Amino acid sequence: MHAVSALPTIQACLSDEDCYTVENAVWAIGEIGNQDETIFAEIAQLLEKPGQSYRLIIQVLAKFNYKPAITKIQKFIESANEPTVSAAITAVSRLTGDYSQMPKVVEFLQHSNINARRGCIQDLIDAKYYDSIPHIAICPVSMVFRLRGIRLLAETGIPKGEINFEQIETYLDLVIRDHPNDLELVHEYDQTPTLEFAIRELYNTDFGRCYLGSKTILEVDPEIAGAALMATFAESAHNDYGAHYHVVKLLGGLKYFDGYELLVEALQNQAPQFLKSRGAAGLALANLGDERVIPLLRETISNTRIFDLKYACLLALKQLGDLQAGNLVVNDSDLLIQAKAKNLI
């Protein structure tokens, strides 16, 4: 609500002993907006106080372009906490205008720490670092994080003429298709695991592990993997949004025709926690090559506002030979959907 009248009360919370109260106060000030240098100085001073959420503090100071904090922020480039280091490098780059150190932030996309991988995507967005788009596309985190990063960079850069759709189209396609072989995985197995172990990996909260499990399933015992995936879906994955997504993708990757009805159900599933699976289901159905789904995909793309679902349906319809699918969304309000549709026509 940007309640400016609340700023004095919120500012008072910056001196609270509870670090979470301080963190929320800094975040709130960042959201409300402010031009009071005394508040900026007080926020910057928190970087000298032990036990604070330094990453957020650094981000807010950079957001307000508070250059007097540069020296304090620079100290955190040597922090042992990777997300804090990423934020510090980004903030110094933004405040000084020297972006020569941003490749170090890009390197965090391949860090074993999942929080470092996720966090640096936000930092690359904040820095408007368009050169990172190809690297974001292959980072082993959830497609949601990668897609958000590329979309926000595109929505900033394209209207300004700093990048164009043709430069990012390949990477958008790659993220939406989300095949594990297209990612730069950061984990590996000492020895080839069993199919049962690889399927359990689909339930991991680190999607880097999920993608490694998916890659293994596609390569090891693909003849029996389809039935095993149907079994885990019936047992647990139907109620676990992460595993649900990976099972849906894998059934398409394996061209497991006995999963057709499950994939149609996933495409039409309106439950909010399974929205990501809908686009995956559209692409999986296209992999099966059954043209019966063309009307269903056309209906879906015409009736949804979900970006990744629209984009996935466009890719799926093209794969199935429907070369006029772009006409359905050629006047879409989203500039990326509109550009993709025009390129397909």
query = What does the convex hull of the alpha-carbon atoms of region 195-344 project to on average, in nm²?
reply = 8.6
request  = Determine, at each q value in 0.10, 0.18 (inverse angstroms), the log₁₀ of I(q)/I(0) that the Debye formula gives when each Cα of region 115-267 is one equal point scatterer.
outcome  = -0.39, -1.02
task = Calculate for the chain the 222 nm mean residue ellipticity that helices alone would give, adding -39,500 (n - 2.57) per DSSP H run of length 4 or more and normalising by residue count, nearest 500 deg cm²/dmol.
result = -18500 deg cm²/dmol
key: Quotient of C-alpha Rg and 2.2 N^0.38 Å, computed over region 1-98   = 1.01
task = In Å³ and rounded to a whole number, note down the convex hull volume per residue for the Cα atoms of region 295-345.
result = 60
task = Grab the other residues whose beta carbon is less than 15 angstrom from that of PHE76, score K and R as +1, D and E as -1, and report the net.
result = +2
note = Cα-based Debye curve of region 112-177 sampled at q = 0.27 Å⁻¹ gives log₁₀ I(q)/I(0) of -1.23
ask   = Among VAL26, VAL175, VAL248, which one moves the most in a GNM of the chain with springs linking Cα atoms closer than 10 Å?
value = VAL26
note = Here the FRET efficiency for ASP290 versus ASN239, based on Cβ atoms and R0 = 25 Å and rounded to 0.05, is 0.40
query = Between GLU184 and ALA271, how many nm apart are label points set 7 Å from Cα along the C-beta direction?
reply = 3.6
task = Place +1 on the Cβ of every Lys and Arg and -1 on the Cβ of every Asp and Glu in the chain, take the dipole about the Cα centre, and give the residue among LEU283, THR71, LEU46 whose Cα lies farthest towards its positive end.
result = THR71
note = Using the Kirkwood radius over Cα pairs of the chain, the Stokes-Einstein translational diffusion coefficient at 37 °C and 0.692 mPa s, in µm²/s and rounded to a whole number, is 149
Region 241-338, relative contact order in percent, only Cα pairs under 8 angstrom and at least six apart counted = 24
request  = Count the net charge of all other residues whose Cβ sits under 11 Å from the Cβ of ALA286, scoring Lys and Arg as +1 and Asp and Glu as -1.
outcome  = 0
request  = Name the residue, out of ALA325, ALA12, ALA88, whose mean-square fluctuation peaks in a Gaussian network model built on the chain with Cα pairs under 10 Å.
outcome  = ALA12
inquiry  = I want to verify a result. In a Gaussian network model of the chain, Cα cutoff 10 Å, which of these has the top mean-square fluctuation: PRO50, PRO222, PRO193?
reply    = PRO50
note = Scoring only Lys, Arg, Asp and Glu (+1, +1, -1, -1) among other residues with Cβ under 11 Å from the Cβ of ASP332 yields +3
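No value in this document is a laboratory result; all are computed from the given coordinates. Since this is a predicted model, take the numbers as computed values, not measurements. Quick reminder, even Gly has a Cβ in these numbers, built from the backbone with ideal geometry, and neighbours come from all protein chains shown.
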